[in-house]
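Chemist: I'd like to ask some things about the structure below.
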Amino acid sequence: MEIADSIVGPETYVGELTEVKNSLASGSTLINWQTGSCTYVPDAFLLSPLSQRAATAKAGHGLGRAMAVVAALLTLPCACYAVIKAWLRGQSALRPLVAVRPHSAGPSSAVDVLTYHEFTAVGDWLKRWPQLWKVARGEFAWVGNRPLSPAAVLLLASDFERLWLKAPIGLFSLADAEACAELFDQEARGLASFYAMRANWRLDLAILSRVLGFRLFKRILFDN
């Protein structure tokens, strides 16, 4: 077995005589990140999932949903500030947006969408406050890939980039943790695909700690 410049996903078996180069291996699927090509490997002795459960995008569990309710209630004054600020500006407080639900099917599948909201009069993380209720309802997770509009999904150019839709929609993402200037540029797409392949609770905690730590640092730096 030889693995070079590659990522092997969780619960993926790589056979003793298998060579994986410049690729992402997940279950029986092999994606070359240089060419964007996708190959299904039928021989379970070469590449196969260790578990037969489907690789579907899942939102948060009960604890995460309960924590979202608590966080929303504790930060309710911040939400009121955002609403009042929009009212003083004579604009609507909420902006409705449409996102494609994550799925494990190919790009030819029918598009399933959901509606979510963000505040209009504030920036930084506060504009995402309404999405805490999506976490509480189980439609978003605390950590995942940021929502994509149907138009943005059409811009995903390869199977590697379409891994974005293999992860749940997250309130925060790996791109947030890496402080990407644009959440849909080439770097963000690579980080989203990486997260979809390597997502686990340790990575989620690392992302949350970096995102919340960056927010605290920014507040201390600019408010003093």
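Chemist: Quick check on this structure: which one of A121, A188, A152, A167 is modelled with pLDDT of 85 or more, touching a strand residue (DSSP E or B) at 6+ places or on another chain (Cβ under 6 Å) and not assigned by TED's automatic domain parsing to the domain that holds N22?
Modeler: Just one listed residue meets the conditions, A167.
Chemist: If I filter the range 113-155 down to residues being among the small types (G, A, S), closer than 24 Å to S209 by Cα and under 17 Å from the mean Cα position of the chain (by Cα), which single residue comes out as surrounded by the fewest Cβ atoms within 10 Å (Cβ to Cβ)?
Modeler: This residue is G138.
Chemist: Would you say D159 is at pLDDT below 90, acidic (D, E), closer than 30 Å to A25 by Cβ and not assigned by TED's automatic domain parsing to the domain that holds T29?
Modeler: Yes.
Chemist: Within the range 182-206, work out how many residues are acidic (D, E) and part of a helix (DSSP H, G or I).
Modeler: Of the residues in that region, 2 qualify.
Chemist: Would the range 144-154 turn up any residue that is under 22 Å from I7 (Cβ atoms) and of a type in the set (A, V, I, L, M, F, W, C)?
Modeler: Yes, that holds for at least one residue.
Chemist: Looking at the range 7-27 only, could you name the residues that are among the small types (G, A, S), outside any strand (DSSP E or B) and within 18 Å of N200 (Cβ to Cβ)?
Modeler: Within the range 7-27, G9, G27 meet the criteria.
Chemist: I would also like to ask the following. List, please: which pairs have Cβ atoms under 9 Å, are six or more places apart or on different chains, and start with a residue in the range 184-199 that is acidic (D, E) and end with one that is modelled with pLDDT of 85 or more and outside any helix (DSSP H, G or I)?
Modeler: E187/E178
Chemist: May I ask you to say which residue of S193, S158 is crowded, with 16+ Cβ neighbours inside 10 Å and more than 16 Å from the chain's Cα centre (by Cα)?
Modeler: S158
The values are calculated or read from the model by the stated rules, or taken from the named source; none is laboratory data. The structure presented is a predicted model; accordingly, all values stated were derived computationally and were not measured. FYI the Cβ positions are ideal-geometry reconstructions off the backbone, even for glycines, and counts take in every protein chain you see.
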